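Step one of this worksheet: look at the structure below.
Readers should treat all values here as calculations from the given coordinates under stated rules, not as data from a laboratory. Note that the structure is predicted; figures quoted are calculated from it, not measured. Cβ placement follows ideal geometry from the backbone for every residue including glycine, while neighbour counts extend to all protein chains displayed.
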Amino acid sequence: MERLHLDVNGIVQGVGFRPYIAVIARRNKLTGFVYNDENGVTIEVQGPVASIQNFIQSMYDEKPPLARIDTVKEIKMEIDPEEREFLIISSQENGDMTTLIAPDTAPCAACLQEMADVTNRRYAYPFINCTHCGPRYTLIQKVPYDRKYTSMGVFPMCTPCEEEYTDEMNRRYHAEPTCCEDCGPHYSLVGEEERFETYGKERDRYIIAAIRERLRNGEIGAIKGIGGYHLVCDATNEEAVQRLRALKHRPHKPLALMAGSMELVERLCYVSEAEKEVLLTPARPIVLLRQKENNGIAPSVAFTNENMGIMMPYSPFHAMLLEADDLVVMTSANRHNEPLIYSEDEALAYLGAMSDFIVINNREIVAPLDDSLSRVVNDKNLLLRRSRGYVPMPIPMAESAELSILAAGSDLKNTFALVKKKDVFVGPHIGDLENEKTFSHFLKNLERMKSLFTVEPQALVCDLHPNYRSSIWARKEAQEKELPLIEVQHHHAHIAAVVAEHHLTGPVMGIALDGTGYGTDGTVWGGEILRVDGADCTRIAHLEYAPLPGGEAAVKEPWRQALWYLRTIYGQEIPAVFEKWMETLPKNWQMLDQIMANPAFTMPQTSSMGRLFDAVGSLLGLGNIHHFESEISMALESLASDVAGEVLPYSIRKGEECIEISFIPTIKAICNGIIEGRDSAFLAASFHETVCHAFMEVAIAEATREKIEHIALGGGVFQNKKILQGCISRESNQSVYYNHEVPPNDGGLSLGQAYIGKMILTKGGK
Ligand code: ZN
Ligand code: ZN
Ligand code: FE
């Protein structure tokens, strides 16, 4: 006989944790109790030692799908000879709520089965959910997580729903969004309301049939989802896709798709087992997949991009809307460069202009979430955008922080992060903080996360950039609230994000390959080897500086830097082969050319790898001007994929302070290849291989010299599968790490900032 007290920490509330504990305790003939408290779940079990061991094993093996056990603390207790049964004790609202809120997840198999069963009372009901599935974060107004504090609070449960909700052995026990078509929300087609009256309980079915008909006819729908509205059209109808692009004012950037079945995805794209698994995780991110030829998808969905973003249905409504062979464009509905539209007011105000019909429902979205985006590399999921399905799950750090910290993130692909003890709550994808609207979206989301997890920041961290909106705000906030502020170099934070996620200890040699980040010398960094040891960072090596002719304009127009490379290599004698390329340049190119020739003209300097990719892409004829971010480097990756290249020449020079890695010899070799008429795919692949080779060579040598065991890869360029694979496949005595839980791009920056903040504050100052 033994009695054990267990404190279980993690995502253990609102996910059916207590009933399953009761089931396995009773199965093992144990007595005791289970209840929720502010730190998670407390359990006491009493019985034979072997039975308790079985119970603990089952607790891990059979946990509910949405539950996550982070830590279990065991304490031996006195036997209670009077105890006869195992009880679920109802919880009280009290104390400091650090309980974790589950993310929004796709319908579980049991719910889908009920929805398809004509005899079930939730047959074809598009809001079906249970303890193991359904929306969470998007409908919670405040904690504790209780129906009255969610947008389901306005729907009183009918008797049968109430019975399920209060039966501790039921799958819907305390599933706060429990509802049915008698008591729950419904869909409606804007402008056709009167007609629904006559359809009574079947109106959701009628609406779905009506939408299907309209999509078949090439119409564009604005449809309310879990985290916001989507624009939807038939993805095999070229005319419809073109119209959608025109209405959304998004002429170039690839559009995300939703497919009705895995069989369909397999017909359209190459899908590995690991990719299937990610497509079907409860989080249901968009997954980047390689297209098959002639797959019937309208050309305007992704143009020449060989990768396609596809997701599987993730709400009961999607599951009903799409039959197995259906493929639709499902792109978030937002106005140009503004956040996702999610409120009914905004939907009615703006979506009429972007669509032929609008589908709303009366379950309010409290907090919007964009679709997450993933890519599978070496059978592992790599998040490129972390939002729906993942937020607000915290990322655990190795050690607890003494102070609560707010990290403001980057101005591009912004996320913020809040540190509370050992948890880092990385907020949802906010987007680029380029206008007031996105910035107020940032502030609103921040306030929400602060109150949901009761975090009041005692210190702030921001990027070193003098002009980032997020940094300017953080500086002001710190001053007003008299809080310490820590400014962190951009690429230090990228590497720290890897260190934080993998709980690495000791120094790491970090390779940061990135677009843009403000450097400590005032230049624009982005091709760096950094020795990072917690809060300390030393620049070991960098990509040789090249100018940004015309400043910011050079980021949008890679031909500018490409032309500089040509002039640097050939002077006035540019080979005739490039005349054709020069003819594709904007009319005023000679003007820039003349200005560049003037030594008195100063240009901002950069060591950005992103810019080098763009310049090489431009020279290989992939475009001179970006229509959207990373367009040309993505095209370069597409061109190179599956092609074996060779390592081209590059040079490594020991500078005064740092090693400089120059790719001018590489570009020269590529130009020679162009002159010799070599295949551009081979040249693109060779460029990729050379970059990996050069950076890994230096990183490995420096790590070995300093007896450093870890190499960490961070920055937006590691979204490039060929670069990531090229670096991790390189043999070395060091272990190589990169981010999985947060994006390698600026979406993961706040995690790195949070970690550095914690390290500095724990040490008690820099
Ligand atoms: Zn379910
Ligand atoms: Zn009901
Ligand atoms: Fe970055």
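Each of the peptides 73-79, 133-139, 680-686 was scored by the mean count of other Cβ atoms within 10 Å over its residues; in descending order, highest first, they stand as 133-139, 680-686, 73-79. Near Pro19: Cβ cut-off under 11 Å, other residues only, Lys/Arg at +1 and Asp/Glu at -1. The net charge is +2.
Its Cα centre serving as origin, region 371-488 has a Cβ charge dipole (Lys and Arg +1, Asp and Glu -1) of approximately 400 debye. Sorted fewest first by neighbouring Cβ atoms within 10 angstrom, Phe317, Phe439 come out as Phe439, Phe317. Taking 0.36 nm per residue of sequence separation and removing the Cα-Cα distance, the Glu552/Asn467 pair yields an extension gain of 29.3 nm.
Taking only the Cα atoms of region 106-148, the ratio Rg/Rh comes out at 1.06, with Rh defined as the Kirkwood radius. Residues Tyr518, Tyr755 in ascending order of nearby Cβ atoms (within 10 Å, fewest first): Tyr518, Tyr755. Taking other residues whose beta carbon is less than 9 angstrom from the beta carbon of Asn9, and scoring Lys, Arg as +1 and Asp, Glu as -1, yields -1. Excluding same-chain neighbours fewer than eight residues apart, the aspartates and glutamates reachable from Lys276 by a Cα-Cα span under 15 Å are Glu263, Glu266, Asp379. Across all directions, the average flat footprint of the convex hull enclosing the Cα atoms of the chain is 35.5 nm².
Our analysis of region 657-766 gives Rg over Rh at 1.07, with the two radii drawn from alpha carbon positions and Rh computed by the Kirkwood formula.
Peptide packing for 728-736, 342-350, 219-227 was compared via the average number of neighbouring C-beta atoms within 10 Å per residue; ordered from the highest value, the list is 219-227, 342-350, 728-736.
Neighbours of His429 by Cβ distance under 10 Å: Lys/Arg scored +1, Asp/Glu scored -1, total +2. Distance from the Cα centroid of region 383-428 to that of region 619-640 is 31 Å (rounded to whole angstrom).
Does region 282-422 come out rounded, prolate or oblate by the C-alpha gyration tensor, with a ≥ b ≥ c the root eigenvalues, rounded set by a/c under 1.5 and, if not, prolate when a/b is larger than b/c and oblate if not? Taking the square roots of the gyration eigenvalues as a ≥ b ≥ c, region 282-422 is oblate. When the listed pairs Lys29/Lys422; Lys292/Lys380; Lys73/Lys422; Lys253/Lys722; Lys413/Lys437 are checked against a 24 Å cut-off, the alpha-carbon distance exceeds it for Lys29/Lys422.
Overall shape: prolate for region 493-589, with the ratio a/c of the largest to smallest alpha carbon gyration tensor axis at 1.5 or above and a/b above b/c.
Quick one: check the C-alpha center-to-center distance for region 547-601 versus region 453-501, whole angstrom. Each part's Cα centre sits 37 Å from the other's. Per residue, the chain reaches -10000 deg cm²/dmol at 222 nm when only DSSP H runs of four or more residues are counted, each adding -39500 (n - 2.57). Filter the cross-link list Lys421/Lys476; Lys668/Lys707; Lys63/Lys420 down to pairs whose alpha-carbon distance in this structure exceeds 32 Å. Pairs exceeding the cut-off: Lys668/Lys707. Region 310-364 and region 135-175 have Cα centres separated by 25 Å.
Each residue in Asp423, Asp182 was given a count of other beta-carbon atoms within 10 angstrom of its own, and listing them fewest first yields Asp182, Asp423. Straight Cα distances below 16 angstrom link Lys654 to the aspartates and glutamates Glu528, Glu544, Glu697, Glu702, with same-chain residues fewer than 8 positions distant left out. When peptides 408-414, 154-160, 548-554 are sorted by average Cβ neighbour count within 10 Å, with the highest value leading, the order is 408-414, 548-554, 154-160.
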